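This report refers to the structure that appears directly beneath it.
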Amino acid sequence: MPNQKKIEDWLKSRKSRNKEFKANHLWKGISSGNPYELSKAITLIESAKQPDREEASKLLKKCLSNKKSSWRIGITGVPGVGKSTFIESFGRVILEKGLRIAVLAIDPSSSISGGSILGDKTRMEWLSNQEQVFIRPTPSGLNLGGVAKHTRESIVLCEAAGYDIILIETVGVGQSETFVHSMVDFFLLLMLAGAGDDLQGIKRGIMEMADALVITKADGENIVKAKLARAQYASALHLFPSKENEWIVPALVTSSIEKQGLDEVWQTICTFFTKHSNDGWIQYNRNQQELQLMNQYVGELWLSKMENHPLYPTESERLTKLVNSGKLNGYLAAEELMRSL
């Protein structure tokens, strides 16, 4: 019976899939540095299904107890600044040091269809074909908080897989930068010279988060503009409050096409990690990030618990009507909902 065979084949593949996505099976692959098993593991942690979340928790506990120390570096900049091109060229510099690289790229999703291009592997063609490199694009979806959570978990998996450098590429200048800044050790801000008023072209808050500013595309006729922009940014940085770790933020110039300035960026990062590993800042900062994550996730768990309360649908509907009629504002409605539950 053809239909019976199809059912048997489906059950067999389903059973195989269930085994492949179990924590113990995935841990063996990750700990041996298998990129295919690492990719499956990230797929598992991105799943919202309860059985998958339970397996993901088991896997993360194994990885946390066996992870190696890595350098976590966030890379951001406005669209068109050349983030992927920079990572492609900068990755060569890192590989020459005999290090393994994981690139976690947050890819923008359509607010209409929800789809993503996930084209980072095509933009980093050479890098994606290197044995010592793992590239994983993640669709941002409509919930950046979810991206932040899954990216944090992906970092843990990549560290357990033995990657030395973890690069996190963001969507662009905006809310996602705050999330990424809260999970990395070093925050690299790429800037584009000659695109209007340079100093007004980016939010001050993003600049204050940066540990280094890099003016990209400093080649051809753009070299003079890039050097001028570096001077402007260097002057502006002196007006910002001192960082808690007393790190002095440099302004650098690079050309990914001509491979210029990339060694200077790498040396800056090495100096940062040497200095702040010795003075304990790296570990202190990571501890603060984990506490921030804990407080954020506690709020999400409480909200989930509220939404599963048997009275939530009726109370929420009643208060929604009161808000729509103007009898309550949002704050008062939230307080009443909490009291009701």
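The values are calculated or read from the model by the stated rules, or taken from the named source; none is laboratory data. Because the structure is a prediction, the values reported are computed rather than measured. Don't worry about glycine lacking a Cβ; one is built from the backbone with ideal geometry, like all the others, and counts go over all protein chains shown.
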Would you point out the residue of the stretch 255-266, among those that are within 23 Å of the chain's Cα centre (by Cα) and modelled with pLDDT of 95 or more, that is surrounded by the fewest Cβ atoms within 10 Å (Cβ to Cβ)? Trp266
Restricted to the stretch 67-86 and to residues being small (Gly, Ala, Ser) and at pLDDT below 90, the residue surrounded by the fewest Cβ atoms within 10 Å (Cβ to Cβ) is Ser69
Could you list all residues from the stretch 231-278 that are of a type in the set (Phe, Trp, Tyr) and in contact with a strand residue (DSSP E or B) (Cβ under 7 Å, 6 or more places away or on another chain)? Tyr233, Phe272, Phe273
Looking at Glu55, Glu46, Glu20, which one is surrounded by 12 or more Cβ atoms within 10 Å (Cβ to Cβ), at pLDDT 90 or above and more than 16 Å from Ala160 (Cα to Cα)? Glu55
Based on what the data block shows, is Gly196 within 23 Å of Glu290 (Cα to Cα) and either modelled with pLDDT under 85 or not polar (S, T, N, Q) (or both)? no
For the stretch 268-282, state whether one or more residues are under 30 Å from Arg53 (Cα atoms) and modelled with pLDDT of 90 or more. yes
Among residues of the stretch 152-183, those that are within 12 Å of the chain's Cα centre (by Cα) and at pLDDT 95 or above, counted: 2
Which one of the conditions (1) in a helix (DSSP H, G or I); (2) at pLDDT 90 or above; (3) crowded, with 22+ Cβ neighbours inside 10 Å does Tyr233 fail to meet, given that it meets all the rest? (2)
Elements of type helices (runs of 4 or more DSSP H) contained in the stretch 271-341, each with 2 or more residues being without any contact (Cβ under 8 Å) to a residue 60 or more places away in the chain and of a type in the set (Lys, Arg): 312-324
Return yes or no: is Glu221 more than 21 Å from Val93 (Cα to Cα) and of a type in the set (Asp, Glu)? yes
